[in-house]
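What follows is one structure encoded as structure tokens, with my remarks underneath.
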Amino acid sequence: ADTMLLTDDKGADATGLDPLNGVRAASGDMPILPQADNGKLALDNEAIVRLPDGSMFISDEYGPNIYRFSADGHLLSATQPPAAFGPMRHGTPNFASDNPGPGAAEPDPKDPETGRQNNQGLEGMAMTPDGKFLIAVLQSAPRQDGGDSPATRQNTRALVYDASDLAHLKLA
């Protein structure tokens with residue numbers, strides 16, 4: 001099987017490390033993004049939708065975001081879900097998933113107060129057969145929707161995006 005190194009919009013390697021408290025500032029068309037302590041874009045890739053031109057959408061648990069990469073793995077665009085999905089700690093975005101590396105501190109608080117639960121971001125994704133819509137599904141309910149308890153997190157949300165402009169997905 002082939003592997004591909006994913007790179008950010010500037011060409012730097014991405015990493016799978018937990019972003020802990022790292023947030024990359026928004027720039028140009030890019031929203032704020034998860035950033036590991038080593039300065040690299042932090043990704044926990046889950047689903048891949050390959051497009052006819054060879055580019056691909058990849059969903060991520062940290063953001064939880066949808067990224068579009070070129071056929072050779074270069075980041076082209078990033079789409080954030082509605083604000084209610086974004087993990088917040090102390091009223092600010094915090095993409096930590098509570099999987100710190102050796103010697104790294106756990107996030108404080110351990111769980112986000114709102115948004116996606118730790119390590120339960122955009123788990124599934126598919127393009128409709130006609131190519132008009134991209135559908136992404138959160139692994140479990142956001143914390144404020146019952147995602148803070150295993151007994152109530154099974155009902156989640158699906159997002160349907162208009163994919164007519166691949167660089168600028170819009171909720172349908």
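Please treat every number below as a calculation from the coordinates, not as lab data. Note that the structure is predicted; figures quoted are calculated from it, not measured. All Cβ positions, even for glycine, are placed from backbone atoms using ideal geometry, and neighbour counts span all protein chains on display.
Give me the percent of DSSP beta bridges within the chain that run antiparallel, rounded to the nearest 5. Display every interim value, and only then the final one.
On the way: 32 of 34 bridges.
Taking every DSSP beta bridge with both residues in the chain, the antiparallel ones total about 95 percent.
In the range 48-125, which GluC sites (Glu not before Pro) are in a loop and have at most 15 other Cβ atoms within 10 Å, using DSSP for the loop call?
Here the GluC sites (Glu not before Pro) that fit, given the DSSP loop and packing criteria, are Glu113.
His90 to Asn119: extension gain in nm, 0.36 nm per residue of separation minus the Cα-Cα distance?
Details: separation 29, 0.36 × 29 = 10.44 nm, distance 1.85 nm.
Working it through step by step, the gained length comes to 8.6 nm.
Please return the longest stretch of the chain lacking exposed loop sites, where trypsin sites (Lys or Arg not before Pro) count only if DSSP places them in a loop and at most 14 other Cβ atoms lie within 10 Å.
Values: sites that count: Lys10, Lys110, Lys132.
My reading of the result: 11-109 is the longest stretch.
Please list, in chain and number order, the residues 5+ apart from Thr114 or on another chain whose amide H is under 5 Å from its amide H, with Hs placed from the backbone.
Residues meeting the amide H criterion: Met88.
What are the residues whose amide H is under 5 Å from the amide H of Gly124, where those residues sit 5 or more places off or on another chain and H is modelled from the backbone?
The answer is Val137.
Taking R0 as 22 Å, what FRET efficiency do you get between Leu171 and Asn45 from their Cβ-Cβ distance, rounded to the nearest 0.05? Show your work: numbers first, answer last.
On the way: r = 22 Å, r/R0 = 1.00.
Efficiency, rounded to the nearest 0.05: 0.50.
At 7 Å along the Cα-to-beta-carbon direction for both Asp162 and Lys132, put a label point, then send me their distance in nm to one decimal.
1.1 nm
Using modelled amide H (1.01 Å from N, peptide plane; none on Pro or chain starts), what sits under 5 Å from the amide H of Gly16, excluding residues fewer than 5 places away?
Residues meeting the amide H criterion: Leu43.
Go through Pro129, Ile66, Pro100 and say which Cα lies farthest out towards the positive end of the charge dipole of the chain; charges sit on Cβ, +1 for Lys and Arg, -1 for Asp and Glu.
Pro129
For Asp53 and Ala26, what does the FRET efficiency come to when R0 = 22 Å and r is the distance between their Cβ atoms, rounded to the nearest 0.05?
Working: r = 26 Å, r/R0 = 1.19.
E between Asp53 and Ala26, to the nearest 0.05, is 0.25.
What residue among Pro87, Pro150, Leu171 has its Cα farthest toward the positive end of the dipole of the chain, where the charges are +1 on Lys, Arg and -1 on Asp, Glu, each on the Cβ?
Farthest towards the positive end: Leu171.
Sequence gap at least 6, Cα distance under 8 Å: using those rules, report the relative contact order of the chain to the nearest whole percent.
Numbers: 415 pairs, mean separation 29.7, N = 172.
Rounded, it is 17 percent for the chain.
Which of the three applies to the chain, rounded, prolate or oblate, going by the alpha-carbon gyration tensor with a ≥ b ≥ c and a/c under 1.5 meaning rounded? Please report the intermediate quantities before stating the final value.
Numbers: a/c = 1.80, a/b = 1.20, b/c = 1.51.
Oblate.
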